[in-house]
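Below: the structure, in structure tokens.
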Amino acid sequence: MYKIKMLIVGDFQKGNSNNFILNGFVRNVDECKKSQNDQGELWSGRSSLYSRLMRRIGFPTDPKKHNAILRDVAKSAEYQLVLIIKGLHIKPSVLKALKRKKVKLVSWSDDDMLNKSNQSVYYKKGLKYYDLVVTQKTFNANMDELPALGANRVLVLPKAYDPDIHIPKIISDGEPRFLYDVIFIGHFEE
């Protein structure tokens with residue numbers, strides 16, 4: 001068990017892989033909290049026209065008030081480590097305030113962060129404040145990708161699984177092995 005107090009900021013909707021990250025740290029860190037409850041997505045349902053427009057032009061809104069939470073963390077210096085998952089809506093000024101308080105900052109994403117749909121002005125301008133940028137895309141660690149946007153230290157971490165969830169299903173006699181001919185795992189992206 002590591003003696004550290006950390007906060008994880010992200011989208012903790014049920015079934016979201018961010019919960020696997022949280023659970024891994026909860027098991028191995030002295031104190032680990034998440035920034036919100038796990039009900040509801042960060043940008044759930046049909047967003048307002050304003051929110052969609054702001055996201056499209058690179059300035060996503062902050063419906064869960066993560067920037068305010070992190071400003072409070074900077075004032076209290078309660079946490080030694082803040083892990084921000086994706087963090088497209090986190091303002092560089094907030095990251096800078098956390099750095100002034102000597103809080104270690106980690107950016108984590110399993111998405112291709114050079115894909116335009118996974119970027120924002122905030123994210124690109126804030127990369128320089130992170131002590132570590134964790135990605136699961138080997139190409140994002142190339143010198144012309146995240147380091148070219150300002151990431152100082154990039155760690156490629158391969159995909160993993162949650163041993164509490166990803167377990168073989170026991171099939172009883174008479175139960176069909178496959179229920180469907182074709183399945184799709186993922187989500188739509190333009």
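What shape does the stretch 54-152 take by its C-alpha gyration tensor, where a ≥ b ≥ c are the square roots of the eigenvalues and a/c under 1.5 counts as rounded, a/b above b/c as prolate, and the rest as oblate? Note, shape of the stretch 54-152 comes out oblate.
Among Leu88, Asn115, Asn67, whose Cα lies farthest out toward the positive end of the dipole of the chain, if unit charges sit on the beta carbon of Lys, Arg (+1) and Asp, Glu (-1)? Result: Asn67.
Counting only Cα atoms, the chain measures 63, 42, 35 Å along its principal axes, largest extent leading. To the nearest 20 debye, what charge dipole does the chain have about its Cα centre, counting +1 at the Cβ of each Lys and Arg and -1 at the Cβ of each Asp and Glu? Computed charge dipole of the chain: roughly 1280 debye. Ranked by the mean number of other Cβ atoms within 10 Å per residue, highest first, peptides 99-109, 161-171, 22-32 order as 99-109, 22-32, 161-171.
Taken together, the values in this text are just the output of simple stated rules run on the coordinates, not laboratory data. The model shown is predicted, which means the values in this text are computed figures rather than measured ones. Heads up, the Cβs are rebuilt from the backbone with ideal geometry, glycines too, and the neighbour counts pull from every protein chain shown.
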